[in-house]
1. Say R0 is 30 Å: what FRET efficiency, to the nearest 0.05, do Gln112 and Asp56 get from their beta-carbon distance?
2. Which lysines does Lys23 reach when only Cα atoms under 18 Å apart count, and residues fewer than 8 places away in its own chain are ignored?
3. Which whole-Hz ³J(HN,Hα) couplings does the range 53-59 yield from phi under the Karplus relation 6.51 cos²θ - 1.76 cosθ + 1.60, θ = phi - 60°, glycine and proline marked x?
4. Considering amide H positions built from the backbone, and no H for Pro or chain starts, which residues 5 or more places from Tyr51, or on another chain, come under 5 Å of its amide H?
5. Between Phe91 and Glu31, what is the label-to-label distance in nm when each label sits 7 Å out along the Cα-to-Cβ direction?
6. Note down the nm distance, to one decimal, between modelled labels 7 Å out along Cα→Cβ at Arg99 and at Phe73.
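Values in this text are rule-based calculations from the coordinates and carry no lab data. As the structure is a prediction and not an experimental result, all values here were calculated from the model. So basically every Cβ, Gly included, is an ideal-geometry build from the backbone, and we count neighbours across all protein chains shown.
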Amino acid sequence: MVQQHFSLTRQNQVGARIRALRKGRNLTQTELSEKIGILQSDLSRMEKGEYKVGLDTLFKILAVFELDMASFFDDGAAASAEDDRQLWKEFLALDEESRREVRDFIRFKMSQRKGDAGE
């Protein structure tokens, strides 16, 4: 019984991770399912934890998101890397004056941090 609960929990975690990655890349279920060669309804059930994600499907998903297996299962690191990529894209989309303001703000916050560490 405990093993079954663990399995269902992991299944839900995998599905939630796929959903988070998909949404982070602004992909619809239809778009992702087409990229990995499965039905949209199957992807929906995988994301909900109703279907197990086969290893072959997981490898296709990893390829779409350019992740290795370790990064996929390390939620913090992978999510952080995805957040960093998104933040960098947003920064690059800013005009030069806005970029300068962001850099100045970062320098200001870093100087505050150094000041707090000295107290």
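1. Step by step, r from the Cβ atoms, then E = 0.05.
2. Lys35, Lys48, Lys60, Lys89
3. Here the 3J(HN,Hα) series is 8, x, 4, 4, 5, 4, 4 Hz.
4. HN-HN under 5 Å from Tyr51: Met46.
5. Computed distance between label sites Phe91 and Glu31 equals 2.4 nm.
6. Placing both labels 7 Å along Cα→Cβ, they lie 4.0 nm apart.
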